[in-house]
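Heads up, the thing below is written out as structure tokens.
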Amino acid sequence: MSKIIFITGASKGFGKLWAEAFLKRGDKVAATARNITLLNDLVTAYGDNILPLKLDVNNRQEVFSVVNEAEQHFGRIDVLINNAGFGLFGTTEETSEAQAREQMETNFFGSLWVAQAILPVMRKQKSGHIIQVSSFLGLTTLPLLGLYNASKFAVEGLIETISSEVAHLGIKTTLIEPNGYATDWAGASATQTSAEIEDYAPVRAAFAEAGDNPDTWGKPEATIQPILQVVDSANPPQRLLLGKIAYNGIVQVYTQRLKDVEQWKEVSINAHGY
């Protein structure tokens, strides 16, 4: 049976790639974007199976309206892929208030608004799957991405909490945690802090050197089959790392975290007081 998929940020990157993959296999897609003209090629190819909808996830009222329109059009929404977001590059000290708020507004609050809008639909259905595109930087950090890291850490906590609140209603959640991929995330979709502080030049140089290694960046097309598997799974994972950098990095980070926890075990237990 074909599924009804609601995707945010569907005009480019993962969003467009995955939208086309669903359409190719016969699913129907409500594809949202700020600029829906970028979806014209999919409309031409797949006709009524795609519903392009203009959406700025920062606008909570618009989010609810668009979700309602998609439900009315298709009759249900089986899967949400909450993909809209962008990267802010620069050190934490260099980040302006406006940049910090914009990063959180889109990456965190935008995800919150879409989740809040989709949950009434899925509660009514007593079924649904919320797939949130996070990042492996929601579990660990890299320098020069402090506010991006923070936005994804927040998203991780949000979706994990929702999972515990809606499981009894037949609603599932999955956090998708990619490493860097050769999309426009670090290009056209990225923003940069305006003022560079010279003391951070060595950090920037090391970051740039790591990014120059082509092996760092995954191939976006390689994510298609994993996403289809998650959507089709009767028991989807709560988290799915995408890419060998993400997998190896998180295994290393969590091994060290557990080691630190055990090393300070007695101090932690004694801090309980009895």
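The values are calculated or read from the model by the stated rules, or taken from the named source; none is laboratory data. For clarity, every value in this text was computed on a predicted model and none was experimentally measured. Positions of Cβ are backbone-derived with ideal geometry, glycine not excepted, and every protein chain shown enters the neighbour counts.
Observations
- Of all residue pairs spaced 6 or more apart or on separate chains, those with beta-carbon atoms under 6 Å, a first member in segment 49-78 that is at pLDDT 95 or above and a second member that is of a type in the set (Lys, Arg) are Asn49/Lys28; Asp56/Arg34; Phe74/Lys28; Asp78/Lys3.
- Of all residues making up segment 219-261, the number that are part of a helix (DSSP H, G or I), closer than 23 Å to Asp78 by Cα and either polar (S, T, N, Q) or in contact (Cβ under 8 Å) with a residue 60 or more places away in the chain (or both): 8
- Among (1) surrounded by fewer than 16 Cβ atoms within 10 Å (Cβ to Cβ); (2) hydrophobic (A, V, I, L, M, F, W, C); (3) part of a strand (DSSP E or B) - the single one Phe89 does not satisfy: (1)
- Residue check for Glu94: crowded, with 16+ Cβ neighbours inside 10 Å and not in a loop (DSSP other than H, G, I, E, B): no
- Scope segment 145-172; condition under 19 Å from Arg101 (Cβ atoms) and in contact with a strand residue (DSSP E or B) (Cβ under 7 Å, 6 or more places away or on another chain); matching residues: Leu145, Leu147, Tyr148, Val155
- Pairs linking a residue in segment 110-138 that is closer than 20 Å to Ala33 by Cβ and free of Cβ contacts under 8 Å to residues at least 40 places away in the same chain to a residue that is hydrophobic (A, V, I, L, M, F, W, C) and assigned to a loop (DSSP other than H, G, I, E, B), with Cβ atoms under 7 Å and 6 or more positions apart or on different chains, do not occur.
- Selection within segment 92-108 - among the β-branched types (Val, Ile, Thr) and out of contact with any helix residue (DSSP H, G or I) (no Cβ under 7 Å at 6 or more places or on another chain): Thr106
- Cβ separations smaller than 8 Å between residues 6+ apart or across chains give the following pairs from segment 11-29 residues that are part of a helix (DSSP H, G or I) to residues that are of a type in the set (Asp, Glu): Gly13/Asp184; Leu17/Glu221.
- In segment 1-10, residue farthest from Val114 (Cα to Cα) [restricted to those that are touching a residue at least 60 places away in the same chain (Cβ under 8 Å) and small (Gly, Ala, Ser)]: Ala10
- Criterion (among the aliphatic types (A, V, I, L, M), at pLDDT below 90 and under 17 Å from the mean Cα position of the chain (by Cα)) met by exactly one of Ala210, Ala182: Ala182
- Residue in segment 117-147 that is surrounded by the fewest Cβ atoms within 10 Å (Cβ to Cβ), counting only those that are under 17 Å from Val253 (Cβ atoms) and within 13 Å of the chain's Cα centre (by Cα): Leu139
- The set of residues in segment 23-74 being buried (at least 17 other Cβ atoms within 10 Å of the Cβ) and either aromatic (Phe, Trp, Tyr) or closer than 20 Å to Arg123 by Cβ (or both) consists of Ala30, Tyr46, Val63, Val66, Val67, Ala70, Glu71, Phe74.
- Every residue from segment 233-263 that is under 27 Å from Ile171 (Cβ atoms) and either of a type in the set (A, V, I, L, M, F, W, C) or loosely packed, with under 11 Cβ neighbours inside 10 Å (or both): Ala234, Asn235, Leu240, Leu241, Leu242, Ala246, Ile250
- Number of positions in segment 46-63 that are closer than 14 Å to Ala30 by Cα and touching a helix residue (DSSP H, G or I) at 6+ places or on another chain (Cβ under 8 Å): 9
- Screening Ile130, Ile118 for residues that are under 21 Å from Glu71 (Cα atoms) and either assigned to a strand (DSSP E or B) or out of contact with any strand residue (DSSP E or B) (no Cβ under 8 Å at 6 or more places or on another chain) (or both) leaves exactly one candidate, Ile130.
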